[in-house]
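So the structure is just underneath, and the comments pick up after that.
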Amino acid sequence: MKLGYTILYVVDVASSLSFYERAFGFKRRFLHESGTYGELETRETTLSFAAHELADGNFPGGHVRADESKAPLGMEIGLVTPDVASAHAHALREGAIELSAPVTKSWGQIVSYVRAPDGFLIELCSPVSE
């Protein structure tokens, strides 16, 4: 088994795709003509976005909307980069909200946290040294 994709449920799929393209340099793979589903190229695993109305159809009991939650959800998207400080600053310029500036962890990894306009928590981190 392997992780094939992650789907983030958002208010505006095209807007979320655009933010992740600008802020992190991903390329758009696909946006459905309905505007309710899209994907980004992120190398091995696809990062996908779907409209909340699709989630409503999948989860009749409702779902937690990241954009309406005051606190970040208890999950994150981890993006690995050799230059966390530059990636962090660029994400902020593109509309991300800073949650934690870059810091060096005790194991040597540099980590920062931002929140995307669609409400999702994003960790920017350097590769883990082995």
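Evaluation of Cys125 against the conditions (1) in contact with a Leu (Cβ under 8 Å, 6 or more places away or on another chain); (2) open to solvent by 60 Å² or more (accessible area, probe 1.4 Å); (3) closer than 26 Å to Lys2 by Cβ shows that the sole unmet condition is (2). Of all residues being in a loop (DSSP other than H, G, I, E, B) and of a type in the set (Ser, Thr, Tyr) in the stretch 79-122, which is farthest from Thr6 (Cα to Cα)? Just the residue, please. Per the stated criteria, the residue is Ser106. No other residue among Glu94, Glu44, Glu68 is more than 14 Å from Asp118 (Cβ to Cβ) and either among the charged types (D, E, K, R) or in contact with an Asp or Glu (Cβ under 6 Å, 6 or more places away or on another chain) (or both) apart from Glu44. Picking from residues in the stretch 112-122 that are in contact with a helix residue (DSSP H, G or I) (Cβ under 7 Å, 6 or more places away or on another chain) and either of a type in the set (A, V, I, L, M) or surrounded by fewer than 16 Cβ atoms within 10 Å (Cβ to Cβ) (or both), the one that is farthest from Thr42 (Cα to Cα) is Val114. Checking each residue in the stretch 39-64 for being closer than 12 Å to Val10 by Cβ, modelled with pLDDT of 95 or more and open to solvent by 30 Å² or more (accessible area, probe 1.4 Å) picks out no residue at all.
Filter the stretch 1-38 for residues that are surrounded by 15 or more Cβ atoms within 10 Å (Cβ to Cβ) and aromatic (Phe, Trp, Tyr); which is farthest from the chain's Cα centre (by Cα)? Step by step, filter the stretch 1-38, then rank; the result is Tyr37. The residue that is farthest from Ser18 (Cα to Cα), among those in the stretch 65-88 that are hydrophobic (A, V, I, L, M, F, W, C), exposed (fewer than 15 other Cβ atoms within 10 Å of the Cβ) and out of contact with any helix residue (DSSP H, G or I) (no Cβ under 8 Å at 6 or more places or on another chain), is Ala71. So is Ser18 out of contact with any Ser or Thr (no Cβ under 7 Å at 6 or more places or on another chain) and not aliphatic (A, V, I, L, M) or not? For Ser18, the condition - out of contact with any Ser or Thr (no Cβ under 7 Å at 6 or more places or on another chain) and not aliphatic (A, V, I, L, M) - is met. Among the residues of the stretch 89-130, those that are free of Cβ contacts under 8 Å to residues at least 24 places away in the same chain and among the aliphatic types (A, V, I, L, M) comprise Ala89, Leu92, Ile97, Ala101, Val103, Val128.
The values are calculated or read from the model by the stated rules, or taken from the named source; none is laboratory data. Quick caveat, the model's predicted, so the values are computed rather than measured. Note that each Cβ is placed from the backbone with ideal geometry, even for glycine, and that neighbours are counted across all protein chains shown. Ligands, DNA and RNA are stripped out before the accessible areas are found, and what is left, the full protein with its side chains, is counted by its heavy atoms. Shrake-Rupley method; radii C 1.70, N 1.55, O 1.52, S 1.80 Å.
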